[in-house]
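I have placed the structure first, in the form of structure tokens, so that the comments after it can refer back to it.
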Amino acid sequence: MKFFLDTADIGEIEEAASWGVLAGVTTNPTLYAKIGGKLSDFHAHIKRICEICDGPVSAETVSLDRAGIVREGEELAAIAPNVVVKVPVMPEGLAATKTLSERGIAVNMTLCFTVPQALMAARAGARYVSPFVGRFDDISEDGLEHLGNIVAALRNYVFEHDVEVIAASIRHNQHVVAAALMGADIATVPFAVLQKLVKHPLTDRGLEAFLADWERVKNA
Ligand code: E4P
């Protein structure tokens with residue numbers, strides 16, 4: 001499984017990149033608003049992220065019609081070669097995805113919740129499909145069950161383009177573990193989750209003991 005960071009925060013992206021495990025970044029309008037992003041700075045901000053992370057960087061369109069999504073998508077794709085255009089699953093979004101993918105632009109179809117949505121996204125030419133896990137849990141449905149169904153359904157078919165599943169809307173470690181066991185290709189995680197993924201109390205306790213014993217060796 002590859003790890004993407006789900007954030008627009010440059011500091012978080014720089015930190016994760018420095019660990020050597022950052023394979024990509026996903027942003028959305030909410031995440032950009034959260035860091036106080038301005039419309040006029042949006043393209044420059046995505047460019048900066050692409051300079052830090054050379055993996056796929058998803059930047060989301062906000063138009064609701066096919067022509068608008070395609071125009072926005074082409075503008076975003078022109079920012080850097082690793083930009084992936086994020087498009088919501090909806091009829092106009094599918095049509096735009098078809099056009100963008102035919103023009104060689106990678107698309108990440110987002111706000112995906114069901115198997116049929118994922119299958120249609122793949123048929124439209126999406127390079128990535130992002131099933132949301134946590135938002136299902138938020139409404140007392142089992143987000144992981146939906147994710148597992150989507151992974152299994154997509155594996156049943158061969159599509160025109162490679163399709164990778166990005167487990168999105170990740171809230172905690174267990175979401176990541178389950179997504180990995182199901183075979184999701186990527187987990188896009190908030191920075192707080194990425195920090196927790198590397199931690200374990202037994203690692204901390206073991207390190208503390210090794211360092212204490214090394215002090216004894218040095219003083220022997
Ligand atoms: C995915 O690409 C989305 O940006 C994200 O995972 C949404 O997560 P949320 O439900 O925490 O907003």
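The values are calculated or read from the model by the stated rules, or taken from the named source; none is laboratory data. Source: prediction; values computed, not measured. Using ideal geometry, Cβ is built from the backbone for each residue, glycine included, and neighbour counts are taken over all protein chains shown. Areas reflect the complete protein model, heavy atoms only, side chains present, ligands, DNA and RNA absent. Shrake-Rupley method; radii C 1.70, N 1.55, O 1.52, S 1.80 Å.
Things worth noting here:
Residue-wise test of (1) assigned to a helix (DSSP H, G or I); (2) within 11 Å of the chain's Cα centre (by Cα); (3) surrounded by 23 or more Cβ atoms within 10 Å (Cβ to Cβ).
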residue: PHE159; (1), (2), (3): no, no, no
residue: ASP162; (1), (2), (3): no, no, no
residue: ALA167; (1), (2), (3): no, yes, yes
residue: ARG171; (1), (2), (3): no, no, no
residue: GLN174; (1), (2), (3): yes, no, no
residue: ALA180; (1), (2), (3): yes, no, no
residue: ALA184; (1), (2), (3): no, no, yes
residue: ALA187; (1), (2), (3): no, yes, yes
residue: ALA192; (1), (2), (3): yes, no, no
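- Unmet criterion (only one of (1) closer than 15 Å to THR97 by Cβ; (2) within 16 Å of the ligand (Cβ to nearest atom); (3) open to solvent by less than 30 Å² (accessible area, probe 1.4 Å)) for ILE150: (1)
- The helices (runs of 4 or more DSSP H) falling completely within the range 31-108 include none with 1 or more residues that are surrounded by fewer than 23 Cβ atoms within 10 Å (Cβ to Cβ) and touching a Cys at 6+ places or on another chain (Cβ under 6 Å).
- Number of residues in the range 108-118 that are away from the ligand (no atom under 13 Å from the Cβ) and under 14 Å from PRO91 (Cβ atoms) equals 2.
- Pairs, first farther than 13 Å from THR7 by Cβ in the range 43-55, second of a type in the set (Gly, Ala, Ser), C-beta under 7 Å, six or more apart: LYS47/ALA80; CYS50/ALA80; GLY55/ALA23; GLY55/GLY24
- Residues being part of a helix (DSSP H, G or I), within 13 Å of the ligand (Cβ to nearest atom) and open to solvent by 10 Å² or more (accessible area, probe 1.4 Å) - total across the range 119-138: 4
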